[in-house]
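Worksheet: the structure to be examined is printed underneath.
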Amino acid sequence: MRLLLTFMIIVLSGCESLFFQEYKIKGYKLKKKEDNLYYTVSKGDNLYLISKKYNVTISKLVNFNNIDSPYKIFPNQKIFIPKKRTHIVKRGDTLYSISRKYRTDVFTVSRFNNLQNVNQIYTNQKLIIPDHFKKKKVASNFKKKEPKKVKKIIAKKIDKKKKTYKQNFNENFIWPVKGKIISKYGSNDPGFFNDGINIESVSGKDVKASSGGEIVYSGNEIPGYGNLILIKHSKNWITAYAHLQKIYKKKGTLVKKGESIGAIGNSGNVKIPQLHFEIRKGKEAVDPLKYLS
């Protein structure tokens, strides 16, 4: 049935005269290779203005160009703009198969295309495929300032959080709620793949954290999922809890195994009260029934 994220993209390099064709758009210095763009910074530019101009997030520009805090840019600096890929749905395609083809996930593709029902796509439908990228150094005309003190402080905070996860974590997950399994992991219907399990239960019943960790998402912005919580655990494990009636915990909260995080409901694209539950190792979904105890 669905879920999660991550990015990776091609980093452009080599001789610009061979790889790029020039485009003139409203006087801006803009060049293009297929759908990959880079923008030459002019006096008065900042990352906010560039992000609005090309409809990309500031964080994506920062990560893609390896720009360090305090995130300053300078005239004549080249800023690479991530391209947008598309996929035309063919007969036999599913959102799951498409997400695997492009090394992404159902959750991300659904969000980018504002899909109201993650289980329904149509032949010849045009889907935007989010790009993936690895952080790599990009040539620039300025020296980066890297305050050593700030780096040490950040490193300590991160280590402290990781230590907290390891203290409360083992690879045995508990059931987030007791109830009847109405949809199992895998291909239950033609053209449909469930990335987790769906558990029918009583509306309003508490949903428990399957293991200790940090809540990295808490909201209802993803079409079809309703109220959704994602918890990141140690060793790159992630659990997902969808269709909640209520959310008890905010993003950034550290929770213990068995702690109540929300209530059973039927938010999103389901009719009866239930929990859609997933366990992931990184971005890869696994069968929860093999890990629950």
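Mind listing just one residue for me: the one in the stretch 164-217 that is under 26 Å from the mean Cα position of the chain (by Cα), among the charged types (D, E, K, R) and in a loop (DSSP other than H, G, I, E, B) and, of those, modelled with the lowest pLDDT? This residue is Glu171.
Residues that are closer than 30 Å to Phe277 by Cβ and either modelled with pLDDT under 80 or over 24 Å from the mean Cα position of the chain (by Cα) (or both): does the stretch 38-59 have at least one? Scanning the stretch 38-59 turns up at least one residue that is closer than 30 Å to Phe277 by Cβ and either modelled with pLDDT under 80 or over 24 Å from the mean Cα position of the chain (by Cα) (or both). Asp68 meets the stated requirement of being on the phi < 0 side of the Ramachandran plot and in contact with an Asp or Glu (Cβ under 7 Å, 6 or more places away or on another chain).
Here the condition is being buried (at least 20 other Cβ atoms within 10 Å of the Cβ), part of a strand (DSSP E or B), modelled with pLDDT of 95 or more and out of contact with any helix residue (DSSP H, G or I) (no Cβ under 6 Å at 6 or more places or on another chain); of Ala263, Ala285, it holds for Ala263 alone. Scanning the stretch 50-78 for residues that are closer than 25 Å to Ile128 by Cα and exposed (fewer than 13 other Cβ atoms within 10 Å of the Cβ) turns up Lys52, Asn55, Thr57, Ser59. Of the set (1) in contact with a helix residue (DSSP H, G or I) (Cβ under 8 Å, 6 or more places away or on another chain); (2) modelled with pLDDT of 85 or more, all apply to Asn119 but (2). Candidates are the residues of the stretch 201-226 that are surrounded by fewer than 16 Cβ atoms within 10 Å (Cβ to Cβ) and touching a residue at least 60 places away in the same chain (Cβ under 8 Å); the one that is farthest from Ile261 (Cα to Cα) is Glu221.
The values are calculated or read from the model by the stated rules, or taken from the named source; none is laboratory data. No experiment lies behind these values; they were computed from the predicted model shown. Neighbour counts run over all protein chains shown; Cβ positions are idealised from the backbone, glycine included.
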